[in-house]
Amino acid sequence: MKSAVAMVTLTFAILCGAGLAASQTAQAKGLVGGSGLWLSCENGSRYALRPLAVSEEGDLVTAQLSLGNRGGLHVRLIPMGAGYRYAGRGVWFDGWHESVYLYLSKYRPIACTVVGPEAVRG
């Protein structure tokens, strides 16, 4: 009987925890998973950036970077002393505010600007 009560209690705790975690995902400061963020670059390309996780302060923590024919790539925030870096497998971009340099190869940065919903509205 004790094991049945313990199992029911454990199941209830897991279900409640999953529900609380789901309510906290990627919705800080109006950034939701489908938000229209992208990198508009000097080479004429636009690379979509779909937020996957956003911190409570509104910082993008992880995202899916679309690279056209190469498909999407998972990138993660790497805090820097000044600015930020998002890195994925073989691709990264460094920046300060909306100005970034996208590295699709090691020694060839492409200057880009982060464009988002606020730029579209204004």
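The values are calculated or read from the model by the stated rules, or taken from the named source; none is laboratory data. No experiment lies behind these values; they were computed from the predicted model shown. A quick note on method: Cβ atoms are made from the backbone with ideal geometry, for glycine too, and the neighbour counts reach across all protein chains shown.
Among the candidates Tyr107, Tyr101, the residue that is aromatic (Phe, Trp, Tyr) and at pLDDT below 95 is uniquely Tyr107. Which of the residues spanning region 60-74 are touching a Lys or Arg at 6+ places or on another chain (Cβ under 9 Å) and within 16 Å of Val100 (Cβ to Cβ)? Result: Ala63, Leu65, Ser66, Leu73. Screening Gly116 against (1) modelled with pLDDT under 95; (2) more than 23 Å from Gly71 (Cβ to Cβ) leaves a single unmet condition, (2). Residue pairs whose Cβ atoms lie under 7 Å apart, separated by 6 or more positions or on different chains, with the first residue in region 39-53 and under 17 Å from Ala87 (Cα atoms) and among the aromatic types (Phe, Trp, Tyr) and the second at pLDDT below 90 and not in a strand (DSSP E or B), are Tyr47/Leu67.
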